[in-house]
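A short write-up of the structure that comes next.
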Amino acid sequence: MGLQAQRHEDDYDEVDPWLGFQSPAPGADSSTVAGFLRSLAAADPVLCQLAVSSIGNHWDRWDTDNRIGILAGEATEEAARQSLSQPITDPAAISHLVAALGDSHPCVRRAAARMLGESRSRETSQYLRTALRKPDPKVREAAALGLAHAEDPATLRDLTAALKDRDPSVVRMAAYALGELEDARAIKPLADLLDARDAGTRATAAWAIGEIEDIRGVERLKPLVHDDDVAVRLAAVEALGEIEDYRATGSLADALKDKDVRVRRAAAEALGEVEDHKASGPLEKALEDKDPVVRRLAAQSLGELDGLKRAPARLVTALSDGDTELAIIAAQALGEIGDTVVVPALATAYRSENPRLRYSVVSALAELEDPRGDPVLEAASRDRDQVVRHKAAEAIKDRDDD
């Protein structure tokens with residue numbers, strides 16, 4: 001039996017008695033939508049954003065039929081909340097949302113855009129595509145945001161055209177929407193924005209290319225690692241990490257020396273995602289960075305590199321670093337690298353008072369499978385920490401079974 005056939009057979013074990021019979025709550029009607037938008041406009045801006053961020057989420061959904069877990073008087077409000085998170089189908093309610101795309105209150109515009117987008121129907125998508133060509137830039141921007149939530153492949157052409165909008169806010173939002181769409185056909189028009197005068201546009205285009213994860217964007221992104229604007233540099237570094245192409249290694253290594261700590265942190269993490277062994281030298285130097293998070297991320301990334309056979313000396317000395325989190329990560333990374341020369345250093349690190357470090361040492365020794373680590377595993381099987389004891393016993397059993 002082929003692998004694909006076996007997978008299909010296994011799928012037959014996944015049975016859902018409710019499949020095809022689930023009845024989601026109906027979408028909000030026009031009066032509920034209108035009241036919701038009025039309340040948002042009158043609310044504190046922070047509360048408004050918190051409310052809008054919950055649209056489409058079904059966490060903590062109570063059973064209003066059984067009234068379980070509901071305070072007295074909450075059933076009506078909970079039903080309304082659920083209806084606002086369902087696709088909006090009432091034509092009058094849709095009209096309210098379309099009109100709100102031009103509201104003076106930005107949070108109201110965001111709510112309208114999100115509710116229209118997440119309805120994900122052909123009708124609401126068409127309303128948003130039409131709004132993308134309205135005279136008011138606020139409406140066009142909100143429409144692009146709505147299309148970002150809709151994630152409709154049919155809107156690619158509309159959003160690509162919006163990248164040439166005369167208003168930078170519309171261009172940025174259209175680029176954001178294309179990133180959410182994750183369609184490789186958008187790479188070229190997005191890459192053309194990387195030379196834009198507006199820093200926000202460059203940053204958003206770089207982010208979007210990263211979301212699409214197409215290697216054609218690497219060469220265009222690399223120069224932005226040296227951009228004058230820190231947000232652009234950060235977006236470029238993160239995007240290169242998302243794409244995971246070895247050709248970005250040199251640029252990301254340069255970013256490890258950036259004056260902004262956020263960029264250095266992103267670069268240390270991105271190099272681990274790229275997994276190019278040529279990054280070992282720059283990452284080892286980053287273990288001396290003044291920022292503890294950069295050092296920890298560098299240690300973690302060293303353990304993720306492909307083809308790295310020799311443990312970097314600074315990573316070994318990190319086992320005794322005063323930053324215990326760095327020591328723990330270093331032990332994990334050394335186990336992943338697989339260089340058995342570090343066994344004595346790991347044995348010394350096991351003397352730590354920190355049980356998490358002892359656990360990481362035991363895990364690393366289990367990975368290395370070097371007989372010199374056996375005395376530590378035997379001692380760890382009697383460790384005062386139960387979790388460490390269990391891990392050591394597991395490692396000893398695996399060793400004996402081999």
* To do: Say whether the condition of being small (Gly, Ala, Ser), closer than 19 Å to residue 275 by Cα and touching a Gly at 6+ places or on another chain (Cβ under 7 Å) is met by at least one residue in the range 359-371.
  => no
* Structure fact -> Residue pairs qualifying under the 6 Å Cβ cut-off, at least six apart or on distinct chains, with the first in the range 309-326 being at pLDDT 95 or above and the second being of a type in the set (D, E, K, R) and surrounded by 14 or more Cβ atoms within 10 Å (Cβ to Cβ), are 310/339; 311/339; 312/284; 314/284; 325/296; 326/295; 326/296
* Asked: Taking the range 163-200, which residues are outside any loop (DSSP other than H, G, I, E, B) and farther than 21 Å from residue 129 by Cα?
  -> 188, 191, 192, 193, 194, 195, 199, 200
* Structure fact -> Selection from the range 72-129 of residues of a type in the set (A, V, I, L, M), in a helix (DSSP H, G or I) and surrounded by fewer than 18 Cβ atoms within 10 Å (Cβ to Cβ) yields 75, 79, 80, 92, 99
* **Single condition residue 122 does not satisfy, out of (1) within 16 Å of residue 37 (Cβ to Cβ); (2) over 26 Å from the mean Cα position of the chain (by Cα); (3) not acidic (Asp, Glu)** => (1)
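Hey, among the residues in the range 335-357 that are of a type in the set (Gly, Ala, Ser) and either in contact with a Lys or Arg (Cβ under 9 Å, 6 or more places away or on another chain) or exposed (fewer than 15 other Cβ atoms within 10 Å of the Cβ) (or both), which one's nearest to residue 306 (Cα to Cα)?
Within the range 335-357, the first condition is being of a type in the set (Gly, Ala, Ser), and the residues that meet it are 335, 338, 345, 347, 349, 352.
Narrowing further to those that are either in contact with a Lys or Arg (Cβ under 9 Å, 6 or more places away or on another chain) or exposed (fewer than 15 other Cβ atoms within 10 Å of the Cβ) (or both): 338, 347, 349, 352.
Values: 338: 11, 347: 25, 349: 25, 352: 30 Å.
My answer is 338.
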* Among all residue pairs at least 6 apart or on different chains, which show Cβ distances below 8 Å where the first residue, located in the range 74-93, is within 12 Å of residue 119 (Cβ to Cβ) and touching a residue at least 24 places away in the same chain (Cβ under 8 Å) and the second is polar (S, T, N, Q) and in a loop (DSSP other than H, G, I, E, B)? -> 85/54; 85/57; 87/121; 89/121
* Out of 280, 301, 360, 381, report the one residue that is modelled with pLDDT of 95 or more, among the hydroxyl-bearing types (Ser, Thr, Tyr) and surrounded by fewer than 19 Cβ atoms within 10 Å (Cβ to Cβ). => 381
* Got a sec? Which of 257, 188 is closer than 30 Å to residue 280 by Cβ, of a type in the set (Lys, Arg) and modelled with pLDDT of 95 or more? -> 257
* Structure fact -> Checked the range 140-162 for anything touching a Ser or Thr at 6+ places or on another chain (Cβ under 6 Å) and in a helix (DSSP H, G or I); matches are 141, 147, 150
* Residue by residue through the range 207-225, note down the ones that are more than 17 Å from residue 169 (Cβ to Cβ), of a type in the set (A, V, I, L, M) and crowded, with 17+ Cβ neighbours inside 10 Å. => 209, 212, 218, 221, 224, 225
* Asked: Hey, any hits in the range 262-285 for a residue that's hydrophobic (A, V, I, L, M, F, W, C), under 28 Å from residue 360 (Cα atoms) and not in a helix (DSSP H, G or I)?
  -> no
* Condition test on residue 31, is it within 25 Å of the chain's Cα centre (by Cα), more than 21 Å from residue 141 (Cα to Cα) and at pLDDT 80 or above? -> no
* **Yes/no for residue 251 being more than 20 Å from residue 238 (Cβ to Cβ), part of a helix (DSSP H, G or I) and among the small types (Gly, Ala, Ser)** => no
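Conditions (1) polar (S, T, N, Q); (2) modelled with pLDDT under 95, marked per residue:
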site	(1), (2)
12	no, yes
62	no, yes
73	no, yes
85	yes, yes
101	no, no
109	no, no
* Among 132, 178, which is among the aliphatic types (A, V, I, L, M), over 16 Å from residue 116 (Cα atoms) and touching a Leu at 6+ places or on another chain (Cβ under 8 Å)? -> 178
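The values are calculated or read from the model by the stated rules, or taken from the named source; none is laboratory data. These numbers were taken from a predicted model, which means no experiment stands behind them. Glycine also receives a Cβ, built like all others from the backbone with ideal geometry; neighbour counts cover every protein chain displayed.
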